[in-house]
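Following: one structure in structure tokens, then a few remarks.
The values are calculated or read from the model by the stated rules, or taken from the named source; none is laboratory data. Computed from a predicted structure; not experimentally measured. Here the Cβ positions follow ideal geometry from the backbone for every residue, glycine too, while neighbour counts run over all protein chains shown.
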């Protein structure tokens with residue numbers, strides 16, 4: 001429980017007794033100044049780790065006024081690591097415990113939203129990045145750098161590298177004020193083989209957001225560029241607050257439209273494979289850590305922060321495990337192989353018939369009555385050459401049956417037997433064209449000889 005009292009009120013003034021601005025807020029857990037980083041982590045975010053490894057989405061974001069300790073909570077210090085390092089360490093430990101039955105891969109991206117533009121903190125030279133939305137409402141960040149990692153220390157090294165590129169400037173209230181919102185996304189992909197040779201891929205995404213602090217120009221004494229930065233920060237935080245308000249009333253009698261388009265921050269928190277899977281009100285387990293200052297000069301900012309945090313408690317989410325449809329489709333590939341084998345037999349018979357016609361030999365049933373076995377056709381003698389030739393640039397006039405690119409994320413390549421069958425079909429088609437060309441040349445030669453005999 002948090003009790004917020006207006007410092008401007010006189011407790012002994014009887015006229016203000018019934019007009020007091022004192023407010024009581026109830027939260028899941030409250031920390032005082034004696035709480036350690038580990039206490040905060042264990043009580044708020046540790047329970048999210050198992051879900052991320054199992055294929056669920058999770059979001060952790062620090063909210064509050066400038067100088068209240070948001071970055072300290074997320075990053076911590078060398079002697080007392082924050083939520084980032086503690087959660088990532090537990091994440092990789094949980095992954096190690098499941099490696100016997102599954103294959104796991106972890107990747108990360110790190111960006112900042114500064115003055116309503118997105119910058120890649122791992123590759124600042126790439127310039128400003130765009131948010132793109134498809135017809136399904138899925139949001140993608142064009143050109144973002146995604147790095148594969150194998151342990152928590154690698155991610156922390158990349159975070160340290162990215163934080164050197166993050167925009168920070170001193171203000172009257174905070175000497176190291178963050179002038180941008182920083183978003184760390186960690187993606188965990190688990191692949192495991194189940195029954196019937198089906199491959200199951202679970203994709204869990206973890207968003208950890210260090211928001212810039214709300215501020216007042218009168219308190220920060222900002223001017224010029226700093227004032228412009230503060231205006232962008234406040235506008236994006238206001239948009240986030242409006243989304244929280246609308247989501248908290250969703251499903252009630254005062255349900256409102258949730259407008260995520262007011263800022264890049266709210267659109268980014270809505271980043272997901274489909275519109276219902278956003279980090280605020282959709283398929284995500286979300287933890288909001290609200291920071292307030294005991295200073296009387298920050299009363300209004302503290303009151304606003306507590307109101308938003310209190311309303312965020314009313315947001316209801318329905319989480320679902322993210323499973324990719326990446327089974328090997330054995331039955332489907334068996335049908336493909338059977339069809340290709342049928343085509344091969346048909347083409348073999350056709351090529352053999354054309355070879356016999358070219359040599360003037362009978363075909364079909366007449367050929368079956370011959371006592372001697374015909375010599376192998378040219379395509380049979382050259383078969384070894386075609387089989388050993390690597391798949392690459394097709395020969396001139398060669399028709400290639402495309403095997404098709406691999407599917408979406410997590411889709412396996414087609415079986416080796418299918419690829420070999422396709423290659424043999426391509427080989428037979430090429431030999432068929434060569435035989436047809438030889439047949440045409442032979443007919444022309446016969447016609448030429450006939451005309452020569454007539455002229456004599």
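Checked against the criterion of being at positive phi, assigned by TED's automatic domain parsing to the domain that holds residue 266 and surrounded by fewer than 16 Cβ atoms within 10 Å (Cβ to Cβ), the candidates 67, 76, 127 yield just one match: 127. For the stretch 7-40, name all the residues that are surrounded by 12 or more Cβ atoms within 10 Å (Cβ to Cβ), farther than 30 Å from residue 95 by Cβ and at pLDDT 70 or above. Hits for the stretch 7-40 are 23, 25, 27, 30.
Checking the stretch 246-260 against the condition returns no match, with no residue being in a strand (DSSP E or B), farther than 21 Å from residue 63 by Cβ and at pLDDT 70 or above.
In the stretch 188-202, which residue that is more than 11 Å from residue 104 (Cβ to Cβ) and in a strand (DSSP E or B) is modelled with the lowest pLDDT? If we take residues in the stretch 188-202 being more than 11 Å from residue 104 (Cβ to Cβ) and in a strand (DSSP E or B), then 193 is modelled with the lowest pLDDT. Note on the stretch 86-108: among residues that are out of contact with any helix residue (DSSP H, G or I) (no Cβ under 8 Å at 6 or more places or on another chain) and within 26 Å of residue 74 (Cβ to Cβ), the one that is surrounded by the fewest Cβ atoms within 10 Å (Cβ to Cβ) is 97.
Scanning the stretch 86-138 for residues that are more than 15 Å from the chain's Cα centre (by Cα), part of a strand (DSSP E or B) and over 16 Å from residue 204 (Cβ atoms) returns 112, 113, 114, 117, 118, 119, 120, 128, 129, 130.
Of the set (1) assigned to a helix (DSSP H, G or I); (2) crowded, with 21+ Cβ neighbours inside 10 Å, all apply to residue 43 but (2).
Of the residues making up the stretch 285-299, at least one is closer than 26 Å to residue 192 by Cβ, at pLDDT 85 or above and touching a helix residue (DSSP H, G or I) at 6+ places or on another chain (Cβ under 9 Å).
For the stretch 78-104, a tally of residues being within 29 Å of residue 34 (Cβ to Cβ) and free of Cβ contacts under 8 Å to residues at least 12 places away in the same chain returns 3.
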